[in-house]
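K.L.:
Take this structure first; my questions come after.
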Amino acid sequence: MELAIHGKQMDVGDALRTHVTTRLEDINSKYFNRAIDVNVTFSPESHSFIKSHVSLRVGKDIMVQASAIEANAYLAFDSAAEKVAKQLGRYKKRLRDHHARMEQSPEAELTKARDYVLAIKEIDGLSDKEVEDEDVPHGDDPLIIAEVATHIQKMSVSDAVMRMDLSGQSALLFRNPKNNRLNMVYRRTDGNIGWVEPNEEAVAAAAE
């Protein structure tokens with residue numbers, strides 16, 4: 001397990017590093033020793049609070065992330081680490097099954113893709129006239145500020161919900177093995193999970 005501990009605009013002392021290392025080694029050993037790398041960051045928040053973010057890659061394709069804000073760095077890390085441990089415990093059996101499938105056919109499950117970050121200007125604080133005058137992207141050529149190679153994985157809906165929950169993402173695109181189509185799960189504002197599955201037959205019928 002590769003462990004990186006960073007402080008943003010603050011120092012991380014040896015005692016805190018030792019505390020972080022010991023706790024994460026305990027978590028890793030408890031949950032099947034599959035963590036490849038772990039990143040822990042500390043950063044100051046308002047009113048002298050500290051934020052800790054823990055990002056743990058399990059196997060080669062699942063990311064577990066959690067954050068917490070507390071009165072000091074130790075409490076912040078402990079809270080974030082506890083969230084990670086609970087997530088891993090909740091999905092322990094399903095993660096084992098997932099890794100077994102990936103070891104049998106690791107490449108057949110993946111579809112190559114590209115991940116783009118599109119620019120959008122901040123309009124908070126602008127007048128109505130300034131907002132109207134803002135130059136926002138139009139048409140099929142938005143301003144791309146970042147691009148990275150990625151992949152879309154074939155998985156069940158329940159596995160997609162698990163991966164979204166573990167990573168803390170608000171949505172996840174995946175390929176459904178039942179029909180080999182792209183699907184998406186996402187977090188709804190009411191706290192439930194939404195699932196989008198294209199109905200190609202209905203779309204084709206409507207176009208006729």
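K.L.:
If you check Asn72, Asn33, Asn39, which single one turns out to be more than 18 Å from the chain's Cα centre (by Cα) and at pLDDT 80 or above?
P.N.:
Exactly one of Asn72, Asn33, Asn39 is more than 18 Å from the chain's Cα centre (by Cα) and at pLDDT 80 or above, namely Asn72.
K.L.:
Under 26 Å from Val161 (Cα atoms), in a helix (DSSP H, G or I), touching a strand residue (DSSP E or B) at 6+ places or on another chain (Cβ under 7 Å) and at pLDDT 95 or above - does that describe any residue in the stretch 82-105?
P.N.:
no
K.L.:
I'd like to verify a number: residues in the stretch 139-156 that are of a type in the set (Asp, Glu) and either part of a helix (DSSP H, G or I) or in contact (Cβ under 8 Å) with a residue 24 or more places away in the chain (or both), how many? Don't jump to the end; show me each part of the working.
P.N.:
Restricting attention to the stretch 139-156, the residues satisfying the condition of being of a type in the set (Asp, Glu) are 140-141, 147.
From what's left, either part of a helix (DSSP H, G or I) or in contact (Cβ under 8 Å) with a residue 24 or more places away in the chain (or both): 147.
The total comes to 1.
K.L.:
Out of Asp78, Asp159, I need the residue that is assigned by TED's automatic domain parsing to the domain that holds Gln9, modelled with pLDDT of 85 or more and part of a helix (DSSP H, G or I). Which one?
P.N.:
On inspection, the qualifying residue turns out to be Asp78.
K.L.:
With Ile123, Ile145 as the choices, which residue is in contact with a helix residue (DSSP H, G or I) (Cβ under 6 Å, 6 or more places away or on another chain), at pLDDT below 75 and not assigned by TED's automatic domain parsing to the domain that holds Thr22?
P.N.:
After ruling out the rest, the residue left standing is Ile123.
The values are calculated or read from the model by the stated rules, or taken from the named source; none is laboratory data. Just so it is clear, the structure is predicted and the values come from calculations on it, not from any experiment. Heads up, the Cβs are rebuilt from the backbone with ideal geometry, glycines too, and the neighbour counts pull from every protein chain shown.
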